[in-house]
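Data first, discussion second: the structure below is written as structure tokens.
We did not get these values from a lab; they are worked out from the coordinates using the rules stated. Since this is a predicted model, take the numbers as computed values, not measurements. Quick reminder, even Gly has a Cβ in these numbers, built from the backbone with ideal geometry, and neighbours come from all protein chains shown.
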Amino acid sequence: MLSRKQKLSLASASIGAGLVLSLNSNVIPLLLDPLAKSAFNTFSNFFIGIVIGITLFLGIIIPPVIGTISDNTWTRFGRRIIYMIIFVPLTVVMLLIISIVGSHLAINMSALDTYILLAFCITLLYTFLNTWNSTYSALLPDLTEPKERGETSGYMQAFNIFGTILAFGAAAAVWETSHTLTFVIFVIVISISSFITILTIKEKKSVKPHEKERLISIVKDFVKEKDFVKFMITSMFWWFAIGTLQPFFVLFAKNTLGLPESSALIFMGIFTIILVVTAVPAGIYADKIGKKRILSIGVLIAAIGLLIGAFTTEIALIYIAMGLTGLGFGVIIVLNFALTADLLPKGKEGKFMGLGNIFYAAPQMTAAPLVGFLISIFNNNYQIIFYITPLSLIIGFILLQRVRITS
């Protein structure tokens, strides 16, 4: 059993992980935007979407590979911590390199060459992040007993969200003053939060790797669970909507609304805070009224908010639209995972979650380049995100009504 202090120490690295994972929603699109416009003209948003899509694809392929390798690793530093010791510093170094390249200090390079270099650095950043974050996540089952995992996981999720809020807050405060200073703040936060975990958590030598089941067997079991499969397919439509909104909203605020970059970041920061504040009451009411019913309401609220954005560029109305969207997505995210847990067949939770993650990541990975392409061919009309996202949510709402949930 871990003490509360140990649980908080274990959760600490989630701050850094949440911060880096959020960069696709804030500073990375802002860094890529001017270079992409110079290098690719009309199709700038498509190439921004390609880069963001690649980072999301890395989140699908790296965790299972590194998880398997770390299962069979043992060093004097432990099975998982060794990857944090190596790859957290590499993540930090890559952030500093990105700040230099993104600040146009790459001397005598064309916009195209600088874009390619920056895209390569961003790809390395997310390669390093996913390598240490996937092994870090495995510390939860390694070090905790089943009855304490809920509390510990709660700390990790809360710290992850706190890292996201810190990223938006720091960027909104100093981004326009100094891009480099913003990245230095990121580096300090990631370093401190991660090394608290590295220096205070000791792994158990007795942890043994689980025997791996053949993929074909997992897939066969998966397709037998019809309601679980239906829900996974349904969930792809709201993850697609989220994957559409996150990378392009700051560019909509900057290029369509004409807001300064700091104000665009504040918009997404407020969206994130509303999303977080919604989480607890959504869970409470869902337990009383029914998860499917509350999730359906959340999907409709988010769709209404996004539809408002389709018909206005008035900043006050966009604030209302994003407030409703944050409220709706807060409900969606919380109850998506709650219903997933309800529908998981007993005794098969672990192996199904691995396949379930594909339904979470794949639509987001697809959304960024696809929507970037659509924005480009419609004369860089960023408002198109407010047409695509409510349509995707409405399809999800209709499909959700066909999912049988007995829990």
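How high is the relative contact order of region 9-203, given as a whole-number percent (alpha carbon pairs under 8 Å, six or more residues apart)?
In percent, rounded to a whole number, it is 46.
Would you work out which of LEU10, PHE128, ILE48 lies farthest towards the positive end of the dipole of the chain, given +1 charges on the beta-carbon of Lys and Arg and -1 on that of Asp and Glu, about the Cα centre?
Positive-most Cα among the choices belongs to LEU10.
Going by how many other beta carbons lie within 10 Å of each one, how would you line up TRP132, TRP175, fewest first?
TRP175, TRP132
With +1 on the Cβ of every Lys and Arg and -1 on the Cβ of every Asp and Glu, and nothing else charged, how large is the dipole of the chain about its Cα centre, in debye rounded to the nearest 20?
Dipole size: approximately 1340 debye.
With the Cα gyration tensor of region 215-407 giving a ≥ b ≥ c as the square roots of its eigenvalues, does the rule (a/c under 1.5 for rounded; else a/b larger than b/c for prolate; else oblate) give rounded, prolate or oblate?
Taking the square roots of the gyration eigenvalues as a ≥ b ≥ c, region 215-407 is prolate.
Please list, in chain and number order, the residues 5+ apart from MET109 or on another chain whose amide H is under 5 Å from its amide H, with Hs placed from the backbone.
HN-HN under 5 Å from MET109: empty list.
Please build a GNM for the chain, connecting alpha carbons under 10 Å apart, and tell me which residue among PHE168, PHE271, PHE40 fluctuates the most.
Largest GNM mean-square fluctuation: PHE40.
What nm distance separates the two modelled labels at LEU96 and ASN108, each placed 7 Å from Cα along Cα→Cβ?
2.5 nm
Kindly write out, for region 303-318 in residue order, the coupling ³J(HN,Hα) from the Karplus curve 6.51 cos²θ - 1.76 cosθ + 1.60 (θ = phi - 60°), rounded to whole Hz, with x marking Gly and Pro.
5, 5, x, 5, 5, 4, x, 6, 10, 8, 10, 6, 4, 4, 6, 5
Among ALA111, ALA282, MET365, which residue has its Cα furthest toward the positive end of the charge dipole of the chain, with +1 on Lys/Arg Cβ and -1 on Asp/Glu Cβ?
Farthest towards the positive pole: ALA282.
How long is region 9-203 along each principal axis, judged by its Cα atoms, biggest number first, in Å?
Sorted from largest, the Cα extents of region 9-203 read 54, 34, 26 Å.
Taking the Cα centre of region 9-203 as the origin, how large is its charge dipole in debye, to the nearest 20, when only Lys and Arg (+1) and Asp and Glu (-1) carry charge on their Cβ atoms?
180 debye
Over the chain, calculate the relative contact order: mean separation of alpha carbon pairs under 8 Å at least 6 apart, over the residue count, as a percent.
Here the relative contact order equals 28 percent.
Rounded to whole Hz and in sequence order, give me ³J(HN,Hα) for region 7-14 from the Karplus expression 6.51 cos²θ - 1.76 cosθ + 1.60, θ = phi - 60°, writing x for Gly and Pro.
5, 5, 5, 4, 6, 3, 5, 5
Using θ = phi - 60° and the Karplus relation 6.51 cos²θ - 1.76 cosθ + 1.60, list the HN-Hα couplings for region 151-162 in order, rounded to whole Hz, with x at every Gly or Pro.
Those phi angles translate into 5, 5, 4, x, 4, 5, 5, 5, 5, 4, 5, 4 Hz.
Most mobile of GLY67, GLY372, GLY330 per a Gaussian network model of the chain (Cα springs, under 10 Å)?
GLY67
In vacuum, with every alpha carbon of region 240-302 counted as one equal point scatterer, what does the Debye formula give for log10 I(q)/I(0) at q = 0.19, 0.21 Å⁻¹? Two decimals, please.
-0.79, -0.88
Which of ARG76, ARG402, ARG293 has the fewest other C-beta atoms within 10 Å, and how do the rest follow up to the most?
Ranking ARG76, ARG402, ARG293 by Cβ neighbours within 10 Å, fewest first, gives ARG76, ARG402, ARG293.
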